[in-house]
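What follows is a set of notes on a single structure, which appears directly below.
The values are calculated or read from the model by the stated rules, or taken from the named source; none is laboratory data. Note that this is a predicted model, so its numbers are computed, not measured. In this analysis, Cβ positions are derived from the backbone assuming ideal geometry, glycine residues included, and neighbour counts consider all displayed protein chains. Just the protein is used for accessible areas: all its heavy atoms, side chains included, with ligands, DNA and RNA removed. Shrake-Rupley method; radii C 1.70, N 1.55, O 1.52, S 1.80 Å.
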Amino acid sequence: MSLRTLLSRLSRLLGVGLAIAGLGAFAAGSVREQEIASCLPQEVATWTDGSDRPAGVAALRLVVRHDGAPAWFGAGQVLAMVDRAAQSWAACGIGVQVQALPPGAAMPDGAVQVLWSDERAAGHFGLANLRHRTLALGPAAFALLNRRNPAHPAQDTLQMVLSHEMGHFFGLMAHSRRCVDVMSYYDNGKGERCFTRDGRVPAGRTDYRALLPTACDIARCRAVNAGALVSLAR
Ligand SMILES: [Zn+2]
């Protein structure tokens, strides 16, 4: 997700969003919970902005570096968030292994490096680079979020960003049209909006998107990796 997208969403939420938040927020919350837990066949839909392909590994190894992280995120806290996202994605059928990388230590072969770098995150909160096997987090984007809205739960944004970018390493290259999916984009930049089960446009003080992969995210991940996992097992 781009910084611009998040900031425009935050300003929307803090402005007109406050008025809407009180209306049906609880009803919408329960639909959201259902959407996170279950996936109807017709709800597996993407913006067709990328081609899903198998992850290509039987197990994904993630190595977490903490140097350059914003001061308000602890090393243990970020490691636990990476682990939470990875363990959730493991429901897809691909093993995961998460470990911290002390400064100066060598990177294990084939591992995905989770690191803080504005250069590699290129202005985003997070950016997955499959070729270089880096999941980069952007300190500047989180610093801006903290300045603009110190009350916003930054750990939720970080958890969501980690889950989303990790999804690309599990083979999900297209973005979901279902608003609640962690792989979703709320719109396609051409005026089309994501969908919810009850047809409401997401409104409220917090992001509608889940913090961890939803039932539909996992269903897509299983579908794209199913054949490859059989052949890897042979
Ligand atoms: Zn993405």
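Scanning segment 151-167 for residues that are more than 14 Å from the ligand (Cβ to nearest atom) and under 28 Å from Gly110 (Cβ atoms) returns Leu158, Gln159.
The rows are residues; the columns are (1) within 16 Å of Ser163 (Cβ to Cβ); (2) more than 16 Å from the ligand (Cβ to nearest atom); (3) touching a Phe, Trp or Tyr at 6+ places or on another chain (Cβ under 9 Å).
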residue	(1), (2), (3)
His66	no, yes, yes
Pro70	no, yes, yes
Gly74	no, yes, no
Met81	yes, yes, yes
Ala91	yes, yes, no
Asp109	no, yes, no
Arg120	no, no, no
Gly126	yes, no, no
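All conditions in (1) open to solvent by 50 Å² or more (accessible area, probe 1.4 Å); (2) more than 16 Å from the ligand (Cβ to nearest atom) hold for Leu211, with the sole exception of (2).
How do the helices (runs of 4 or more DSSP H) wholly within segment 75-182 filter down when requiring 2 or more residues that are of a type in the set (Gly, Ala, Ser) and in contact (Cβ under 8 Å) with a residue 24 or more places away in the chain: which remain?
Details: elements: 75-89, 118-121, 139-148, 154-169.
Those helices (runs of 4 or more DSSP H) span 75-89, 139-148, 154-169.
Within segment 168-175, is there a residue that is under 19 Å from Leu60 (Cβ atoms), open to solvent by 30 Å² or more (accessible area, probe 1.4 Å) and within 15 Å of the ligand (Cβ to nearest atom)? Checked against the condition, which is being under 19 Å from Leu60 (Cβ atoms), open to solvent by 30 Å² or more (accessible area, probe 1.4 Å) and within 15 Å of the ligand (Cβ to nearest atom), segment 168-175 yields at least one hit. Scanning segment 102-113 for residues that are open to solvent by 80 Å² or more (accessible area, probe 1.4 Å) and within 16 Å of Thr134 (Cβ to Cβ) yields Ala106, Asp109. The sole residue among Arg178, Arg148, Arg220, Arg200 that is in contact with a strand residue (DSSP E or B) (Cβ under 9 Å, 6 or more places away or on another chain) and either open to solvent by 10 Å² or more (accessible area, probe 1.4 Å) or away from the ligand (no atom under 15 Å from the Cβ) (or both) is Arg220.
Against the conditions (1) open to solvent by 50 Å² or more (accessible area, probe 1.4 Å); (2) within 16 Å of the ligand (Cβ to nearest atom), Gln99 satisfies every one except (2).
Just a yes or no: is a residue in segment 166-175 farther than 14 Å from Thr46 by Cα, modelled with pLDDT of 95 or more and aliphatic (A, V, I, L, M)? Spell out the reasoning first.
Just the residues of segment 166-175 that are farther than 14 Å from Thr46 by Cα, to begin with: 166, 169-170.
Within this subset, residues satisfying the condition of being modelled with pLDDT of 95 or more are 166, 169-170.
If we keep only those that are aliphatic (A, V, I, L, M) too, we end up with 166.
Yes, there is a match, as at least one residue in segment 166-175 is farther than 14 Å from Thr46 by Cα, modelled with pLDDT of 95 or more and aliphatic (A, V, I, L, M).
So how many residues does segment 69-87 have that are buried (at least 21 other Cβ atoms within 10 Å of the Cβ) and either out of contact with any strand residue (DSSP E or B) (no Cβ under 6 Å at 6 or more places or on another chain) or under 25 Å from Asn149 (Cβ atoms) (or both)?
Step one: filter segment 69-87 for residues buried (at least 21 other Cβ atoms within 10 Å of the Cβ), giving 78, 81-82, 85-86.
Still in the list and also either out of contact with any strand residue (DSSP E or B) (no Cβ under 6 Å at 6 or more places or on another chain) or under 25 Å from Asn149 (Cβ atoms) (or both): 78, 81-82, 85.
Here the count works out to 4.
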